[in-house]
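The values are calculated or read from the model by the stated rules, or taken from the named source; none is laboratory data. Worth saying up front: this structure is predicted, and the values here are computed from it rather than measured. Cβ placement follows ideal geometry from the backbone for every residue including glycine, while neighbour counts extend to all protein chains displayed.
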Amino acid sequence: MIDLNADIGESFGIYTIGNDEELLRTITSGSVACGFHAGDPSVMRRTVRAAVRAGVAVGAHPAFPDLVGFGRRELAATPEEIFDCVVYQIGALSAIARTEGARLQHVKPHGALYNMSAKRKDVAEAIARAVATVDEDLILVGLPGSELLAAGRRMSLRTAAEAFVDRAYEADGTLTPRHLSGAILSGPGAVAERALRIVRDRHVTTRTGSELALHAETLCVHGDTPDAVSLAAAVRLSLEQAGITVAPLSKLV
């Protein structure tokens, strides 16, 4: 059994990013932007409503306050500032979710915040403490073997390791920086094959050709990746044809 997630709700005002309506037909969990790197109150509400209608579990996707950089630039924020930002964003989305009859399932940091929390204990602790303070029933999502998941376990949170089917990996298990060639994968067939290998064999081939052990409870397709809809559909079809059940995180961890 595996969860299939995507980052959704990343439009802003009159600007549309991704195709959430189509993605929601395929994924089982959606991480909704909370207004700091993308999204706004109306986009958040519409996204949650669409997810509820599609039967997709909803989670918060908090980020650094960086609309211009789409949350993918590291900011020199203190752990306390990170704690406050994460609490603020979870709280906002949680309130909107309640108006649509939903409750948040998980929290998955976005972009630079996610990558920093994989390696920096202070960042990871701030995020995990924020999640536990707001709602100790939330599932914390992060990279396998990351400081973030370790911090979540110390806070007695349920945690879920995440693998990316549309991103390249480095030998140390981190994601290949986006500015490097080959960082973003394309082609439904190749991405679906990678997803199957992660779930069945618990391995992935890194950018340099080495083999990396990788165990995950959830697979991610980035909502802003070109052809995200076709990639997610190919992944789900491939998993189900292999007899692998695709279900929301709450049924796995």
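Some points to look at:
- Residue in segment 159-185 that is modelled with the highest pLDDT, counting only those that are of a type in the set (S, T, N, Q) and either surrounded by 17 or more Cβ atoms within 10 Å (Cβ to Cβ) or over 25 Å from MET116 (Cα atoms) (or both): THR159
- The set of residues in segment 45-59 that are outside any loop (DSSP other than H, G, I, E, B) and either without any contact (Cβ under 8 Å) to a residue 60 or more places away in the chain or touching a Pro at 6+ places or on another chain (Cβ under 8 Å) (or both) comprises ARG45, ARG46, THR47, VAL48, ARG49, ALA50, ALA51, VAL52, ARG53, ALA54, ALA57, VAL58.
- Residues that are surrounded by fewer than 17 Cβ atoms within 10 Å (Cβ to Cβ), in a helix (DSSP H, G or I) and in contact (Cβ under 8 Å) with a residue 40 or more places away in the chain within segment 231-249 comprise just one, LEU237.
- Pairing each residue of segment 113-132 that is under 17 Å from HIS37 (Cα atoms) with any residue that is among the small types (Gly, Ala, Ser) and part of a helix (DSSP H, G or I), provided the two are 6+ apart or on different chains, yields C-beta distances under 6 Å for SER117/ALA124; ILE127/SER117.
- Boolean, ASP122 is of a type in the set (Asp, Glu) and either part of a helix (DSSP H, G or I) or buried (at least 23 other Cβ atoms within 10 Å of the Cβ) (or both): yes
- Test: residue in segment 201-214 that is surrounded by fewer than 13 Cβ atoms within 10 Å (Cβ to Cβ), among the aliphatic types (A, V, I, L, M) and more than 18 Å from the chain's Cα centre (by Cα): yes
- Inside segment 153-169, residues that are outside any strand (DSSP E or B) and farther than 24 Å from ALA234 by Cα make up a count of 5.
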